[in-house]
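The values are calculated or read from the model by the stated rules, or taken from the named source; none is laboratory data. Predicted model only: the values in this text are computed from it and were never measured. Neighbour counts are summed over all protein chains in view; Cβ atoms, including those assigned to glycine, are modelled from backbone coordinates with ideal geometry.
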Amino acid sequence: MSEFETILTDVTDGVATITINRPKALNALNLQVLTDITDAATAFDADDSVKAIIITGSEKAFAAGADIKEMSSLDFATAYKADWFAGWTRLTDVRKPVITAVGGYALGGGCELAMMGDILIASTKAKFGQPEINLGVLPGMGGSQRLTRAVGKAKAMDMCLTGRMMGAEEAERSGLVARVVEPEALLETANEIAQTIASKSRIASAMVKEAVNTAFETTLEQGLRYERRLFHSSLATNDQSEGMAAFVEKRDPNFTDS
Ligand code: CAA
């Protein structure tokens, strides 16, 4: 993969890692970061050797938000015409599982980016927040929607209206974070999770992602029917035959993503 300006990329054993790398700006998300992350994630999604993607930052900051310096002169007409922030949809369109590993600040767009992934893990030092209210604006990359779905109205209102930060322990207790680990174990844990996912059938993991995400878009009845149909479809895959045969024969499955 070609070099990027604001991120580092690596692929090891079927797991692609995207590390946001703008240390001087605490990984603030400017347009270049948006382009780099979404280009890299789209390319990894299309790369058959990649089974799962990790997005991470530094120990101090996953990302301290959208780039305030870039936005400070942004006016309504420009933002509206460009549909500012809509480009992040390219990331949520990725069909492979995305793990976001947060050490340090995940504020504003940083918290919103962390929530765009499928599994959010945090170090004990992580701090989440939607402090846009302090700037006279509101979340614009999904904070009012994804945070509310993750932690409920009470805490989402508290965070978005006061701009206060939430530590890792509260974030896990509130349902925002899947696992909290010591800072030095963050990447190792993200990799373990990604490797576990990488050992499964890629078709099955893509279906799981589609099914869970559908829960946010439909009624329960529609969602249950959708899940059933996906389940029925999974019976047409070689990986289903292999997975069930391996169980019966008491051996490890050899999935071929077919
Ligand atoms: N945009 C641009 N630059 C940022 C930034 C941001 N979001 N956050 C930090 N930086 C820059 C600072 O300006 C500073 O640069 P200089 O050295 O050139 O002055 C550098 O990163 C280091 O930052 P601090 O000196 O402030 O570091 P700190 O350790 O004292 O404080 C912090 C850390 C509490 C995270 C503080 O930087 C901060 O509050 N940052 C802004 C957080 C924020 O408001 N985020 C929301 C942005 S709006 C948004 O995201 C909209 C949306 O919904 C998409």
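Given the structure, is Gly108 touching a Ser or Thr at 6+ places or on another chain (Cβ under 8 Å), within 11 Å of the ligand (Cβ to nearest atom) and of a type in the set (Gly, Ala, Ser)?
no
Please enumerate the residues belonging to the stretch 103-116 that are of a type outside the set (A, V, I, L, M, F, W, C) and either surrounded by 24 or more Cβ atoms within 10 Å (Cβ to Cβ) or assigned to a strand (DSSP E or B) (or both). Full working, then the answer.
The initial filter retains those residues of the stretch 103-116 that are of a type outside the set (A, V, I, L, M, F, W, C), namely 103-105, 108-110, 112.
If the condition is that a residue be of a type outside the set (A, V, I, L, M, F, W, C) and either surrounded by 24 or more Cβ atoms within 10 Å (Cβ to Cβ) or assigned to a strand (DSSP E or B) (or both), then Gly103, Tyr105, Gly108, Gly109, Gly110, Glu112 are the ones that fit.
Could you give me the residue pairs with C-beta distances under 7 Å whose first residue belongs to the stretch 26-51 and is in contact (Cβ under 8 Å) with a residue 40 or more places away in the chain and hydrophobic (A, V, I, L, M, F, W, C), whose second residue is away from the ligand (no atom under 16 Å from the Cβ) and in a helix (DSSP H, G or I) wherever it lies, and which are 6+ apart or on separate chains?
Val50/Phe44
Take the conditions crowded, with 17+ Cβ neighbours inside 10 Å, over 18 Å from the mean Cα position of the chain (by Cα), of a type in the set (D, E, K, R) and in the same structural domain as Phe44 (by the TED database) and apply them to Glu172. Does it pass?
On the way: crowded, with 17+ Cβ neighbours inside 10 Å: yes; over 18 Å from the mean Cα position of the chain (by Cα): no; of a type in the set (D, E, K, R): yes; in the same structural domain as Phe44 (by the TED database): yes.
Answer is no for this residue.
One line per residue, one yes/no per condition, for (1) within 16 Å of the ligand (Cβ to nearest atom); (2) closer than 24 Å to Ala168 by Cβ:
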position: Leu34; (1), (2): yes, no
position: Ala46; (1), (2): no, no
position: Glu59; (1), (2): yes, yes
position: Asp93; (1), (2): no, no
position: Glu112; (1), (2): yes, yes
position: Met115; (1), (2): yes, yes
position: Ile119; (1), (2): no, yes
position: Val137; (1), (2): yes, no
position: Gly143; (1), (2): yes, yes
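So Ile7 clears everything in (1) loosely packed, with under 15 Cβ neighbours inside 10 Å; (2) more than 16 Å from the ligand (Cβ to nearest atom); (3) more than 13 Å from the chain's Cα centre (by Cα); (4) farther than 19 Å from Glu192 by Cα except one condition, right? Which one?
Here Ile7 clears every test but (1).
Within the stretch 97-104, can one find any residue that is more than 30 Å from Ser201 (Cβ to Cβ) and more than 8 Å from the ligand (Cβ to nearest atom)?
Step one: list which residues in the stretch 97-104 are more than 30 Å from Ser201 (Cβ to Cβ), which gives 103-104.
Filter once more, keeping what is more than 8 Å from the ligand (Cβ to nearest atom): 103-104.
Yes: the stretch 97-104 contains one or more residues that are more than 30 Å from Ser201 (Cβ to Cβ) and more than 8 Å from the ligand (Cβ to nearest atom).
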